[in-house]
Amino acid sequence: MELLYMTSIIYSSLCTSLGALPILFIRRMTHRGKDNLLAFTAGVMVAASTYGLIPSAIKLSNVIVLTIGILVGTLFLTILEKSLPHVDLEHRSGAQVPASAYLLMITMILHNLPEGLSVGVSYASEYKDLGPLVSFTIGLQNIPEGFLMALFLVTQGAGRLKAIVYTTLAGFTELLAALFGLAFGEKLAGVVPYGLAFAAGAMLFIVYKELIPESHGDGNERSSTLSFILGLLTMILLTSYLR
(Lines give C-alpha, C1' and ligand atoms only; values in the text may rest on other atoms or scores of the structure.)
Protein backbone atom coordinates (compact mmCIF):
# COMPACT_ATOMS: atom_id res chain seq x y z
CA MET A 1 0.00 0.00 0.00
CA GLU A 2 2.84 2.40 0.80
CA LEU A 3 4.34 1.71 -2.63
CA LEU A 4 0.99 2.55 -4.24
CA TYR A 5 0.83 5.80 -2.28
CA MET A 6 4.35 6.79 -3.32
CA THR A 7 3.77 5.93 -6.98
CA SER A 8 0.60 8.00 -7.08
CA ILE A 9 2.23 10.97 -5.35
CA ILE A 10 5.25 10.88 -7.68
CA TYR A 11 2.94 10.66 -10.70
CA SER A 12 1.15 13.85 -9.65
CA SER A 13 4.34 15.91 -9.51
CA LEU A 14 5.90 14.40 -12.64
CA CYS A 15 2.90 15.49 -14.71
CA THR A 16 4.24 19.05 -14.51
CA SER A 17 7.45 17.95 -16.22
CA LEU A 18 5.50 15.85 -18.72
CA GLY A 19 3.51 18.90 -19.75
CA ALA A 20 6.71 20.88 -20.39
CA LEU A 21 8.22 18.42 -22.90
CA PRO A 22 6.31 19.62 -26.04
CA ILE A 23 8.26 22.91 -26.01
CA LEU A 24 11.24 20.96 -27.40
CA PHE A 25 9.33 20.77 -30.70
CA ILE A 26 8.19 24.42 -30.86
CA ARG A 27 10.82 26.38 -32.76
CA ARG A 28 9.35 29.81 -33.46
CA MET A 29 6.93 32.13 -31.68
CA THR A 30 5.66 35.39 -33.19
CA HIS A 31 5.01 38.46 -31.06
CA ARG A 32 1.29 37.99 -31.58
CA GLY A 33 1.62 34.35 -30.55
CA LYS A 34 3.49 35.38 -27.41
CA ASP A 35 0.79 37.89 -26.45
CA ASN A 36 -1.92 35.30 -27.01
CA LEU A 37 0.02 32.79 -24.92
CA LEU A 38 0.35 35.29 -22.07
CA ALA A 39 -3.38 35.99 -22.18
CA PHE A 40 -4.27 32.29 -22.35
CA THR A 41 -2.01 31.64 -19.35
CA ALA A 42 -3.74 34.48 -17.50
CA GLY A 43 -7.14 32.91 -18.21
CA VAL A 44 -5.96 29.53 -16.94
CA MET A 45 -4.58 31.09 -13.75
CA VAL A 46 -7.74 33.12 -13.08
CA ALA A 47 -9.88 30.00 -13.49
CA ALA A 48 -7.53 27.94 -11.32
CA SER A 49 -7.82 30.60 -8.61
CA THR A 50 -11.51 31.48 -8.73
CA TYR A 51 -12.92 28.10 -9.77
CA GLY A 52 -10.48 25.79 -7.98
CA LEU A 53 -8.39 27.26 -5.18
CA ILE A 54 -10.87 29.75 -3.70
CA PRO A 55 -13.89 27.38 -3.52
CA SER A 56 -11.66 24.66 -2.05
CA ALA A 57 -10.33 27.04 0.61
CA ILE A 58 -13.87 28.11 1.58
CA LYS A 59 -15.05 24.51 1.66
CA LEU A 60 -12.24 23.54 4.03
CA SER A 61 -12.50 26.65 6.24
CA ASN A 62 -14.36 29.97 5.98
CA VAL A 63 -14.32 33.40 4.34
CA ILE A 64 -12.06 34.87 7.03
CA VAL A 65 -9.35 32.28 6.32
CA LEU A 66 -9.80 32.89 2.60
CA THR A 67 -9.44 36.66 3.00
CA ILE A 68 -6.33 36.35 5.15
CA GLY A 69 -4.71 33.91 2.74
CA ILE A 70 -5.44 36.00 -0.38
CA LEU A 71 -4.23 39.23 1.21
CA VAL A 72 -1.03 37.61 2.51
CA GLY A 73 -0.38 36.04 -0.90
CA THR A 74 -0.93 39.38 -2.63
CA LEU A 75 1.31 41.21 -0.16
CA PHE A 76 4.03 38.59 -0.53
CA LEU A 77 4.04 38.89 -4.34
CA THR A 78 4.00 42.70 -4.08
CA ILE A 79 7.13 42.68 -1.91
CA LEU A 80 8.75 40.05 -4.11
CA GLU A 81 7.94 41.96 -7.30
CA LYS A 82 9.53 45.11 -5.92
CA SER A 83 12.69 43.27 -4.87
CA LEU A 84 13.29 41.50 -8.19
CA PRO A 85 15.34 43.38 -10.81
CA HIS A 86 13.21 44.33 -13.81
CA VAL A 87 14.49 43.97 -17.37
CA ASP A 88 13.01 45.81 -20.33
CA LEU A 89 11.56 43.22 -22.71
CA GLU A 90 12.47 45.25 -25.77
CA HIS A 91 16.06 46.05 -24.81
CA ARG A 92 17.33 43.03 -22.92
CA SER A 93 20.17 40.80 -24.04
CA GLY A 94 19.58 37.16 -24.84
CA ALA A 95 21.14 36.11 -21.55
CA GLN A 96 18.66 38.01 -19.40
CA VAL A 97 15.23 36.89 -18.33
CA PRO A 98 12.67 39.50 -17.22
CA ALA A 99 11.29 39.60 -13.71
CA SER A 100 7.86 38.50 -14.95
CA ALA A 101 9.29 35.07 -15.84
CA TYR A 102 10.74 34.62 -12.36
CA LEU A 103 7.51 35.86 -10.81
CA LEU A 104 5.51 33.29 -12.77
CA MET A 105 7.89 30.51 -11.74
CA ILE A 106 7.72 31.50 -8.07
CA THR A 107 3.94 31.81 -8.29
CA MET A 108 3.64 28.31 -9.76
CA ILE A 109 5.83 26.97 -6.95
CA LEU A 110 3.58 28.69 -4.41
CA HIS A 111 0.61 27.20 -6.25
CA ASN A 112 2.13 23.70 -6.11
CA LEU A 113 2.84 23.74 -2.37
CA PRO A 114 -0.78 23.65 -1.16
CA GLU A 115 -1.66 21.24 -3.95
CA GLY A 116 1.08 18.89 -2.77
CA LEU A 117 -0.04 19.26 0.84
CA SER A 118 -3.59 18.44 -0.26
CA VAL A 119 -2.39 15.23 -1.90
CA GLY A 120 -0.36 14.15 1.12
CA VAL A 121 -3.03 15.04 3.69
CA SER A 122 -5.71 13.27 1.65
CA TYR A 123 -3.66 10.05 1.71
CA ALA A 124 -3.14 10.41 5.45
CA SER A 125 -6.85 11.00 6.11
CA GLU A 126 -9.35 8.36 7.19
CA TYR A 127 -10.97 8.43 3.75
CA LYS A 128 -8.93 5.84 1.89
CA ASP A 129 -10.42 6.56 -1.53
CA LEU A 130 -9.70 10.29 -1.31
CA GLY A 131 -5.92 10.16 -1.88
CA PRO A 132 -5.90 8.51 -5.35
CA LEU A 133 -8.73 10.77 -6.54
CA VAL A 134 -7.01 13.99 -5.42
CA SER A 135 -3.64 12.86 -6.77
CA PHE A 136 -5.05 11.86 -10.17
CA THR A 137 -7.04 15.09 -10.50
CA ILE A 138 -4.14 17.37 -9.60
CA GLY A 139 -1.79 15.36 -11.81
CA LEU A 140 -3.94 15.83 -14.91
CA GLN A 141 -4.31 19.52 -14.10
CA ASN A 142 -0.51 19.83 -13.81
CA ILE A 143 0.05 18.77 -17.45
CA PRO A 144 -1.31 21.95 -19.11
CA GLU A 145 0.12 24.07 -16.29
CA GLY A 146 3.59 22.62 -16.91
CA PHE A 147 3.28 23.30 -20.63
CA LEU A 148 2.17 26.90 -20.15
CA MET A 149 4.89 27.62 -17.60
CA ALA A 150 7.67 26.18 -19.79
CA LEU A 151 6.44 27.87 -22.96
CA PHE A 152 6.09 31.20 -21.17
CA LEU A 153 9.68 30.94 -19.88
CA VAL A 154 10.90 30.23 -23.42
CA THR A 155 9.06 33.22 -24.90
CA GLN A 156 10.56 35.41 -22.17
CA GLY A 157 14.15 34.50 -22.99
CA ALA A 158 14.95 31.22 -21.19
CA GLY A 159 16.42 28.33 -23.18
CA ARG A 160 14.23 25.28 -23.78
CA LEU A 161 16.23 22.94 -21.57
CA LYS A 162 16.43 25.56 -18.83
CA ALA A 163 12.65 26.07 -19.05
CA ILE A 164 12.08 22.33 -18.65
CA VAL A 165 14.48 22.22 -15.68
CA TYR A 166 12.73 25.15 -13.99
CA THR A 167 9.32 23.60 -14.62
CA THR A 168 10.53 20.27 -13.24
CA LEU A 169 11.81 21.99 -10.11
CA ALA A 170 8.42 23.63 -9.66
CA GLY A 171 6.82 20.18 -9.87
CA PHE A 172 9.40 18.78 -7.45
CA THR A 173 8.24 21.24 -4.78
CA GLU A 174 4.79 19.67 -5.06
CA LEU A 175 6.32 16.24 -4.44
CA LEU A 176 8.13 17.49 -1.33
CA ALA A 177 4.95 19.13 -0.05
CA ALA A 178 2.99 15.92 -0.66
CA LEU A 179 5.51 13.84 1.27
CA PHE A 180 5.42 16.40 4.07
CA GLY A 181 1.63 16.24 4.13
CA LEU A 182 1.69 12.45 4.14
CA ALA A 183 4.14 12.36 7.05
CA PHE A 184 2.27 14.78 9.29
CA GLY A 185 -1.27 14.06 8.14
CA GLU A 186 -4.05 15.59 10.19
CA LYS A 187 -1.69 18.03 11.94
CA LEU A 188 -1.44 19.97 8.66
CA ALA A 189 -5.11 19.81 7.71
CA GLY A 190 -5.72 23.29 9.11
CA VAL A 191 -2.86 24.79 7.10
CA VAL A 192 -4.11 23.63 3.69
CA PRO A 193 -6.94 26.21 3.25
CA TYR A 194 -4.55 29.05 4.10
CA GLY A 195 -2.12 27.70 1.51
CA LEU A 196 -4.84 27.42 -1.14
CA ALA A 197 -5.98 31.01 -0.51
CA PHE A 198 -2.36 32.23 -0.44
CA ALA A 199 -1.74 30.62 -3.85
CA ALA A 200 -4.93 32.20 -5.22
CA GLY A 201 -3.82 35.66 -4.11
CA ALA A 202 -0.38 35.18 -5.64
CA MET A 203 -1.89 34.00 -8.94
CA LEU A 204 -4.36 36.88 -9.18
CA PHE A 205 -1.55 39.35 -8.49
CA ILE A 206 0.68 38.13 -11.30
CA VAL A 207 -2.26 37.93 -13.74
CA TYR A 208 -3.27 41.57 -13.25
CA LYS A 209 0.20 43.01 -12.63
CA GLU A 210 2.23 41.17 -15.27
CA LEU A 211 0.41 38.89 -17.72
CA ILE A 212 -2.51 41.05 -18.84
CA PRO A 213 -0.50 44.30 -19.27
CA GLU A 214 2.21 42.49 -21.27
CA SER A 215 -0.35 40.79 -23.52
CA HIS A 216 -2.17 44.07 -24.29
CA GLY A 217 0.75 46.38 -25.03
CA ASP A 218 1.50 45.64 -28.69
CA GLY A 219 -1.74 46.01 -30.63
CA ASN A 220 -3.01 42.46 -30.10
CA GLU A 221 -5.72 43.34 -27.58
CA ARG A 222 -8.64 41.64 -29.32
CA SER A 223 -6.91 38.32 -29.97
CA SER A 224 -5.39 38.41 -26.48
CA THR A 225 -8.82 39.00 -24.94
CA LEU A 226 -10.19 36.01 -26.85
CA SER A 227 -7.20 33.92 -25.75
CA PHE A 228 -7.84 34.93 -22.13
CA ILE A 229 -11.45 33.75 -22.36
CA LEU A 230 -10.39 30.50 -24.04
CA GLY A 231 -7.84 29.88 -21.29
CA LEU A 232 -10.48 30.57 -18.65
CA LEU A 233 -12.98 28.19 -20.25
CA THR A 234 -10.35 25.51 -20.84
CA MET A 235 -9.41 25.40 -17.17
CA ILE A 236 -13.05 25.48 -16.02
CA LEU A 237 -14.00 22.63 -18.33
CA LEU A 238 -10.94 20.63 -17.33
CA THR A 239 -11.65 21.12 -13.63
CA SER A 240 -15.35 20.29 -14.07
CA TYR A 241 -14.54 17.13 -16.02
CA LEU A 242 -12.08 15.91 -13.42
CA ARG A 243 -14.39 16.43 -10.46
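The values are calculated or read from the model by the stated rules, or taken from the named source; none is laboratory data. Quantities reported herein were computed from a predicted structural model and do not represent experimental measurements. Here the Cβ positions follow ideal geometry from the backbone for every residue, glycine too, while neighbour counts run over all protein chains shown. Remember, those area values only see protein heavy atoms, side chains included, never the ligands or the DNA or RNA. Shrake-Rupley method; radii C 1.70, N 1.55, O 1.52, S 1.80 Å.
At a glance:
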read-out	value
Residue identified as at pLDDT 80 or above, open to solvent by 30 Å² or more (accessible area, probe 1.4 Å) and closer than 28 Å to I64 by Cα among L110, L182, L169, L196	L182
Tally of residues being over 20 Å from T155 (Cβ atoms) and either under 15 Å from the mean Cα position of the chain (by Cα) or of a type in the set (F, W, Y) (or both) across segment 187-217	11
Of all residues in segment 58-106 being among the small types (G, A, S) and at pLDDT 85 or above, the one that is nearest to L151 (Cα to Cα)	G73
Hits in segment 199-231 (condition: open to solvent by 20 Å² or more (accessible area, probe 1.4 Å) and within 17 Å of Y102 (Cβ to Cβ))	F205, K209, P213, E214
Test: residue in segment 141-157 that is open to solvent by 20 Å² or more (accessible area, probe 1.4 Å) and farther than 20 Å from G43 by Cβ	yes
Single residue of segment 27-75 satisfying the filter (closer than 20 Å to I229 by Cβ, among the polar types (S, T, N, Q) and open to solvent by 30 Å² or more (accessible area, probe 1.4 Å)) that is farthest from the chain's Cα centre (by Cα)	N36
